[in-house]
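Everything below concerns the one structure shown next.
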Amino acid sequence: MTLFEELEWRGLVKDLAGDDIQDKLNNEKLTFYWGTDPTADSLHLGHYSSLVTAKRLAKAGHHPILLVGGATGLIGDPRPTAEREIISKEAVDFNIKGLSKQVETIVGGDVEVVNNYDWMKDFSFLDFLRDVGKYINVNYMLDKDIIRRRLESGITFAEFSYMLLQGYDYLYLYKEKGVRLQAAGSDQWGNITTGIDLIRKMTGEVAYGFTMPLILDSTGKKFGKSEGNALWLDETKTSSYEMYQYLINTEDSKVEEYLKVFTFLTPEEIMNIMEKHNQEPHLRIAQKELATQIITDLHGKESADRAVQISESLFSGDIKSFTSKDVEDAFKGITPFSIHGDCNIVDFLVDAEVCSSKREAREFVQNGSITLNGNKVSDLEYTITKDICIDSKYLVVRRGKKKYSLGIYE
């Protein structure tokens, strides 16, 4: 299987520019780039397919460049519905540092990170119009899908000009870095072809591009912060456990697609996993493999193993080995209750609203249905103290098999 055939098999090719692009990908070593605007200090799972594709191309011998849009980020790529909020230069600079470090860690030391502000900051408005703007026809720009969709609701000149700025990025990298290929999500097709058109008109040379289909969740939404479902690649923003929980709940209808797009498992390995999964889908073999592969790539095997351990411990109720960090990861988003001083187990369960009455609390304790930090409590005279808390702070209460509550000793 050639590189291009594998990209197609994984569902990573949507649009192509350049008649001989397949031959270039399979038989030459291209310098290529993909870009992102620094609207946050971390990428999210929606960006991950581009990162993984960049790693695939790099493994095949192509040289990767990430363009972080310090200039274009000040304007914002047009969205289908409304104009993006303007972010400050200070925020852009801060975000660029975070993204650069993150991509270098994930993709590897071979990746080169560039910032288009470096070549746009001294480009005057008049010079840009004269040297770049005259080469792109307005009718050509109006024919782009993202622009057409915004004409009825309105689009500012700033957003309308974004296509020219990104097109110039390709031209600049073509001249200065020897870039011959741009790869991006399918929503960037208009920007890619604008760059290719500029290169052809201003240098007479041929450049290439391809887009990847946008990866959607089971509801048909993109993985992105604007969609309200961002899973950050920064472990301090989205813990490995959170990522694991999300991915093991992937619907069966999407899991094979995600294995192809997001992992470096071979086609044979993926087919073998899916065969086992389809025989016993309730075991979620494919989902667990997906989660483990992604987290290992992002944060390392230790983080992946710990995410699995936390998940299995919560399922079984055996959380005796939990640290404060494990508790914080596992119960992120759950509103904890406060514990003030020592108290009897029955009073505690009522005060914490784990049980609705003292009678119910006594029944649950006597039936062995209450565990505190993984230890079953059946003594009605048991006293809650700071000493039984994890790191003298956290108390995880489980009622029955699945209902968890979190207390913080104050």
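The values are calculated or read from the model by the stated rules, or taken from the named source; none is laboratory data. None of the values given here were measured: they were computed from a predicted structure. Every residue, glycine as well, gets a Cβ built from its backbone with ideal geometry; the counts of neighbours run over all protein chains shown.
Laid out as a table, the results:
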{"quantity": "Leading residue by the ranking (nearest to the chain's Cα centre (by Cα)) among those in region 30-48 that are crowded, with 22+ Cβ neighbours inside 10 Å and among the small types (Gly, Ala, Ser)", "calculated": "Gly46"}
{"quantity": "Some residue of region 291-299 being without any contact (Cβ under 8 Å) to a residue 24 or more places away in the chain, within 24 Å of Thr36 (Cα to Cα) and assigned to a helix (DSSP H, G or I)", "calculated": "yes"}
{"quantity": "Enumerated helices (runs of 4 or more DSSP H) restricted to region 1-109, each holding at least 3 residues that are over 28 Å from Thr156 (Cα atoms) and free of Cβ contacts under 8 Å to residues at least 12 places away in the same chain", "calculated": "89-107"}
{"quantity": "Test: residue in region 122-139 that is of a type in the set (D, E, K, R) and either crowded, with 17+ Cβ neighbours inside 10 Å or in contact (Cβ under 8 Å) with a residue 12 or more places away in the chain (or both)", "calculated": "no"}
{"quantity": "One residue from Val255, Val261 being of a type in the set (Val, Ile, Thr) and either free of Cβ contacts under 8 Å to residues at least 40 places away in the same chain or in the same structural domain as Ser42 (by TED's automatic domain parsing) (or both)", "calculated": "Val255"}
{"quantity": "Qualifying residue in region 269-286 (condition: in a helix (DSSP H, G or I) and touching a residue at least 40 places away in the same chain (Cβ under 8 Å))", "calculated": "no"}
{"quantity": "Any hit, region 339-360, residues being basic (Lys, Arg) and more than 30 Å from Ser240 (Cα to Cα)", "calculated": "yes"}
{"quantity": "Any hit, region 369-380, residues being without any contact (Cβ under 8 Å) to a residue 60 or more places away in the chain, among the polar types (S, T, N, Q), out of contact with any helix residue (DSSP H, G or I) (no Cβ under 9 Å at 6 or more places or on another chain) and surrounded by fewer than 17 Cβ atoms within 10 Å (Cβ to Cβ)", "calculated": "no"}
{"quantity": "Some residue of region 248-258 being surrounded by fewer than 18 Cβ atoms within 10 Å (Cβ to Cβ), in contact with a Ser or Thr (Cβ under 6 Å, 6 or more places away or on another chain) and polar (S, T, N, Q)", "calculated": "no"}
{"quantity": "Some residue of region 71-80 being at pLDDT 95 or above and farther than 18 Å from Gly167 by Cα", "calculated": "no"}
{"quantity": "Number of the exception - Phe264 against (1) in a loop (DSSP other than H, G, I, E, B); (2) at pLDDT below 95; (3) surrounded by fewer than 16 Cβ atoms within 10 Å (Cβ to Cβ); (4) hydrophobic (A, V, I, L, M, F, W, C)", "calculated": "(2)"}
{"quantity": "Exclusive hit being surrounded by fewer than 21 Cβ atoms within 10 Å (Cβ to Cβ), out of contact with any His (no Cβ under 9 Å at 6 or more places or on another chain) and among the aromatic types (Phe, Trp, Tyr), set Phe331, Phe322", "calculated": "Phe331"}
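Table: residues versus (1) modelled with pLDDT of 95 or more; (2) among the basic types (Lys, Arg); (3) assigned by TED's automatic domain parsing to the domain that holds Asp37.
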{"site": "Glu159", "(1), (2), (3)": "no, no, yes"}
{"site": "Met163", "(1), (2), (3)": "no, no, yes"}
{"site": "Tyr172", "(1), (2), (3)": "yes, no, yes"}
{"site": "Gly190", "(1), (2), (3)": "no, no, yes"}
{"site": "Arg200", "(1), (2), (3)": "yes, yes, yes"}
